[in-house]
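Read the figures in this text as sums done on the coordinates, not as results from a lab. Everything quoted here is computed from the prediction, not taken from an experiment. Reconstructed Cβ throughout: ideal geometry from the backbone, glycine too, with neighbour counts over all protein chains shown.
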Amino acid sequence: MNALPQPVSSRPYTRATALPQALAERIVILDGAMGTMIQRYKLGEADYRGARFAEHHKDLKGNNELLQLTKPEVIREIHDQYLAAGADIIETNTFGATTVAQEDYDLAELAYEMNVAAARLARESCDKYSTPDKPRYAAGAIGPTPRTASISPDVNDPAARNIDFEALRAAYYEQAKALLEGGVDLFLVETIFDTLNAKAAIFALDELFEDTGEKLPIIISGTVTDASGRILSGQTVTAFWNSVRHALPIAIGLNCALGAALMRPYIEELAKVAGDTYISCYPNAGLPNPMSDTGFDETPEVTSGLVEGFAKAGLLNIAGGCCGTTPDHIAAIAQRVGNIRPRCLHDGAGGLLTGLAA
């Protein structure tokens, strides 16, 4: 019989060695939205292009990952604001910094450079704000890409795919290698709507760790897209966990899509089944509202109050924010959960089989 996963608290890592202890002692704070903050700068096409890409043949406004090359001061300032607000972990600005995503702008060849630059910016900010009793961590953000290995893009051809596992694995390996070179402390595979895409990222990370001899902690975060309680490729939260638990993540969680109020039953489910792994949650600031300052409904008081409820129920080890959240949201969350005990680990299940449901 295969050995069960090693408990998270005793896994050896070559970076972020204090993180497991911090997760056992308190609720660790993750940063908030990068895109929401970038929008506040009201950058135009010329800002995204800079001098280097002034003659590029495609529009570049909205390619936020390009900003670490053309407007690094903006990304640095956003990181600093989240750290000043109390974040323990900040994410690199690399959600879409894969060759796959950058193909939309004909900039795939810049993906490696983007990731190294983003990691270095986050590393610099973390080093500036770290203290002996409160180290700060740079998490290499690995997004889902705009393509899916499990779902057909053509309603008339269910077997059609616009990407395969090997192409995803190669793109993720390049991204992760660059983030490691830039100095991240851990990896965050996030906003997962297709478990097969996530498996390609996990496979790439395992390869990287074997090739380099350096193992970093991994956080895995899925997204439940509607009230069905399933991710887009069809799996329930429990089935999703059973499909990725072999990666031995330091934490498993949910982010984006539903605001905290609608996310709670799925966080409760995950906290129950993933007993031997820490739980993360960073929801949107409610539902989209184009009339609000952030594009979402919830104020810092509302979002932090909902997250506080999760914490008081013993559901959380990592708390932060996704779309629509700002440093004010993160500061409010940090203040509200600061004195609440983190969720305790308990025995996980043994060997399990799963499909769309467990």
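Under a Cβ-only charge scheme (Lys and Arg +1, Asp and Glu -1), can you give me the dipole magnitude of the chain about the Cα centre, in debye to the nearest 20? Walk me through the numbers on the way to the answer.
On the way: 30 positive and 45 negative charges, 176 e Å.
Charge dipole, the chain, about its Cα centre: 840 debye, nearest 20.
From the residues 186, 83, 22, which one has its Cα farthest along the dipole of the chain in the positive direction, the dipole being from +1 and -1 charges on Cβ of Lys/Arg and Asp/Glu about the Cα centre?
22
Where does the charge balance sit around residue 90 when Lys and Arg score +1, Asp and Glu -1, over other residues with C-beta under 14 Å from its C-beta?
Numbers: positive: 76, 120, 123, 128, 134, 136; negative: 31, 77, 80, 88, 91, 124, 127, 185, 190.
Local charge sum for residue 90: -3.
What helices in the chain pass both tests, a Cα length along the helix axis of 24 Å or more and a mean Kyte hydropathy of -1.0 or higher, using whole DSSP H runs?
Working: long enough: 111-129 (27 Å, -0.47); 165-182 (25 Å, -0.12); 195-212 (25 Å, 0.33).
Going by DSSP H runs, the hits are 111-129, 165-182, 195-212.
State the antiparallel share, in %, of DSSP beta bridges confined to the chain, rounding to the nearest 5. Please list the in-between numbers first.
Numbers: 3 of 30 bridges.
The antiparallel fraction comes to roughly 10 percent.
The chain: Rg/Rh from Cα coordinates, Kirkwood Rh? Please report the intermediate quantities before stating the final value.
Working: Rg = 19.1 Å, Rh = 20.3 Å.
Over the Cα atoms of the chain, Rg/Rh equals 0.94.
Regarding the range 55-168, what whole-number volume in Å³ per residue does the convex hull of its Cα atoms give?
Details: hull volume 15.4 nm³, N = 114.
Cα convex hull per residue, to the nearest whole number: 135 Å³.
Provide the net charge surrounding residue 46, with neighbours chosen by a C-beta distance below 14 Å and charges set as Lys +1, Arg +1, Asp -1, Glu -1.
Working: positive: 42, 49, 52, 61, 71; negative: 45, 47, 55, 59.
Net charge in that neighbourhood comes out at +1.
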